[in-house]
2 protein chains.
Amino acid sequence: MSLVVVGSVAYDSIETAHGKVDRILGGSCTYIALAASFFTRARIVAVVGDDFASTDAALLAGRGIDLQGLERVPGKTFSWAVRYSADLSERTTLATDLHVFANFNPKLPDSYRSEPYLQLGNIQPKLQRSVRAQMRSLRFTGGDTMNYWIQDHREDLLATIRDWDFLLVNDVEARMLAGDHSLRRAAEKIQSMGPRTLVIKRGEHGAILFSGRQYFVVPGFLLEEVFDPTGAGDCFAGGFMGYLAQQGVRLDQGEIDHQALRRAVIYGSVMASFCCEKFGPECFRTLTHEDIDSRYREFKNFSNF
Amino acid sequence: MSLVVVGSVAYDSIETAHGKVDRILGGSCTYIALAASFFTRARIVAVVGDDFASTDAALLAGRGIDLQGLERVPGKTFSWAVRYSADLSERTTLATDLHVFANFNPKLPDSYRSEPYLQLGNIQPKLQRSVRAQMRSLRFTGGDTMNYWIQDHREDLLATIRDWDFLLVNDVEARMLAGDHSLRRAAEKIQSMGPRTLVIKRGEHGAILFSGRQYFVVPGFLLEEVFDPTGAGDCFAGGFMGYLAQQGVRLDQGEIDHQALRRAVIYGSVMASFCCEKFGPECFRTLTHEDIDSRYREFKNFSNF
């Protein structure tokens, strides 16, 4: 089954302790779709300018990603510049130029509308809602958000996530959204806002899945070196949703398959770990299913007792 | 088999977001021995002043801890005062009064010397070495250290840990000791300094075990509320070493039993998690084997996939 992915496609300039790249393909939609493409067909909804390179479109298409919903309009593609501190604990945004993304108003191709899986990248809650309303037979809506929407567009955000099955946030965002510093209580409060399934990302320290009254904690993969963390959270989302779509897991009826959700968290973590090993989405040029399976087994091995 | 524990016994004054206690029983030896006492007989080596309360001695003796090596000398017991920031990310030492601990020169009762398991709490490397030299038939030496010894007594520390089987440090200390920010590489470097088995503590984020070429990552227990983190690392050591002593695991000959080491890490994590739920070592007044087994199962349950 296919996964519809909505979010940004951007050009990123990234500086880490390991070097610097200019105008590398980025954006939440890009990372989610690339990671998901190893599990299922991803169909993207995003907007780019007339500077969008055919080689970048080719990278996406080469992974079988459906670009029918990738709108091209006159102007420049969203661009973003970021610098990470040496130990990666701090991230400074140097520039955010929305360009054509400022007027993004996602319209889903008709062929997308009957897909059962939807992952909403971190965009305006209103737009996330409008996308969901265009879908006809959803089985699983997942979405991401950020501090800006939580603080300054709270009502809008609450009205949006009310209808979601799955929310992905980091620990800071979870605490902010719930108004509680205890992650355990925060998770309960967020579940009562709508999404029965919640993953709280903790960067290098892994992630926690809450689903119904169950929870599952996975440590981060112990990379020898984090090259560039850009996109790791979105790759998690892509691996997680991609695996669920591949397996046809549903949350809208019947018993929740908790073991499948746990495996999805591991696949999400696997994809996030690969993402950090190279700049931008570079890892996806050479990554194989064998690499993914092997790292999944390594997760099993280092956490088994 | 018994575990000989060497370290400090102290009176702590602790302030966290949840309240304040004055002169509560503390010190590395106290926490290690109390946690270990749920698995094996702990025999302690430490020094206290004439202000040491009989009720505190009774708490230790009540857990079957051998106090023969607890020296009582004229003067005051080591005391320490600490304040934690609201989110527990920062710890400010308000006072350190060594008192009788300043002249601590551990002498092991003869009955201790043929025990096979030794855990050296965080004290002067020279003293740790002298204690080890007094043991006659060691099978497993474990020890702890801290930034002060790593930075200012490096040569001494290196000469000491060279003979250890097991080193317990936190992530900051591991990076400092190895001079490498990558925990994976740092672990390898530390293993080459002596201890083939190494646990790197990561506070609320759990711990990593490196043993030979294997590694094992365990997330921290997701407490609803951390009441007071004082002693958690030492309780980890006590649970870890206590379980290994109980099981008679050896590192000095034959194949390493990696599964037993992993279970020991879980028991260490379990004891650390209980420690954080009350002030000081209060939890040990009421903790039962059933509580420990139940939390061990919870670890299994939330990390199984």
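Within region B:145-189, the residues that satisfy the criterion of being free of Cβ contacts under 8 Å to residues at least 24 places away in the same chain and open to solvent by less than 40 Å² (accessible area, probe 1.4 Å) are B:Ala178, B:Asp180, B:Ser182, B:Ala186.
No other residue among B:Glu15, B:Glu90 is open to solvent by 50 Å² or more (accessible area, probe 1.4 Å), over 22 Å from B:Gln124 (Cβ atoms), more than 14 Å from chain A (Cβ to nearest Cβ) and modelled with pLDDT under 95 apart from B:Glu90. Looking across region B:278-305, the residues that are closer than 28 Å to B:Phe210 by Cβ and without any contact (Cβ under 8 Å) to a residue 60 or more places away in the chain come down to B:Asp293, B:Tyr296, B:Arg297, B:Lys300, B:Asn301, B:Asn304, B:Phe305. Per this entry, A:Val199 is counted among residues that are in contact (Cβ under 8 Å) with a residue 24 or more places away in the chain, in contact with a strand residue (DSSP E or B) (Cβ under 6 Å, 6 or more places away or on another chain) and open to solvent by less than 40 Å² (accessible area, probe 1.4 Å). Mind checking whether some residue in region B:61-68 is modelled with pLDDT of 95 or more, buried (at least 21 other Cβ atoms within 10 Å of the Cβ), within 16 Å of the chain's Cα centre (by Cα) and closer than 18 Å to B:Pro281 by Cα? For region B:61-68, residues modelled with pLDDT of 95 or more, buried (at least 21 other Cβ atoms within 10 Å of the Cβ), within 16 Å of the chain's Cα centre (by Cα) and closer than 18 Å to B:Pro281 by Cα: present. When A:Leu108, A:Leu127, A:Leu158 are screened for being out of contact with any Cys (no Cβ under 6 Å at 6 or more places or on another chain) and outside any helix (DSSP H, G or I), only A:Leu108 passes. Checking each residue of region B:85-107 against the condition of being within 20 Å of B:Ala36 (Cα to Cα), within 20 Å of the chain's Cα centre (by Cα) and of a type in the set (Ser, Thr, Tyr) gives no match.
When the criteria are applied in full, B:Gly248 fails the requirement of being open to solvent by 10 Å² or more (accessible area, probe 1.4 Å), at pLDDT 95 or above and away from chain A (no Cβ under 14 Å). Consider region B:159-186 and keep the residues that are under 19 Å from the mean Cα position of the chain (by Cα) and aliphatic (A, V, I, L, M). The one that is farthest from the other protein chains (Cβ to nearest Cβ) is B:Ile161. Among the residues of region A:266-297, those identified as open to solvent by less than 60 Å² (accessible area, probe 1.4 Å) and within 13 Å of chain B (Cβ to nearest Cβ) are A:Ile266, A:Tyr267, A:Gly268, A:Ser269, A:Val270, A:Ser273, A:Cys276, A:Tyr296. In the set (1) more than 9 Å from every other protein chain (Cβ to nearest Cβ); (2) open to solvent by less than 10 Å² (accessible area, probe 1.4 Å), A:Ile256 fails one condition alone, (2).
For B:Leu120, the test of being open to solvent by less than 40 Å² (accessible area, probe 1.4 Å) and within 28 Å of B:Val226 (Cβ to Cβ) is passed.
Looking only at residues in region A:198-218 that are touching a Gly at 6+ places or on another chain (Cβ under 8 Å) and not basic (Lys, Arg), the one that is farthest from the other protein chains (Cβ to nearest Cβ) is A:Val199. Scanning region B:60-76 turns up at least one residue that is free of Cβ contacts under 8 Å to residues at least 24 places away in the same chain and small (Gly, Ala, Ser).
The values are calculated or read from the model by the stated rules, or taken from the named source; none is laboratory data. On a predicted model such as this, the values are computed, not experimentally measured, just so you know. Counting neighbours? That spans all protein chains shown, and the Cβs are built from the backbone with ideal geometry, glycine included. These area figures cover heavy atoms from the full protein model, side chains too; ligands, DNA and RNA do not enter into them. Shrake-Rupley method; radii C 1.70, N 1.55, O 1.52, S 1.80 Å.
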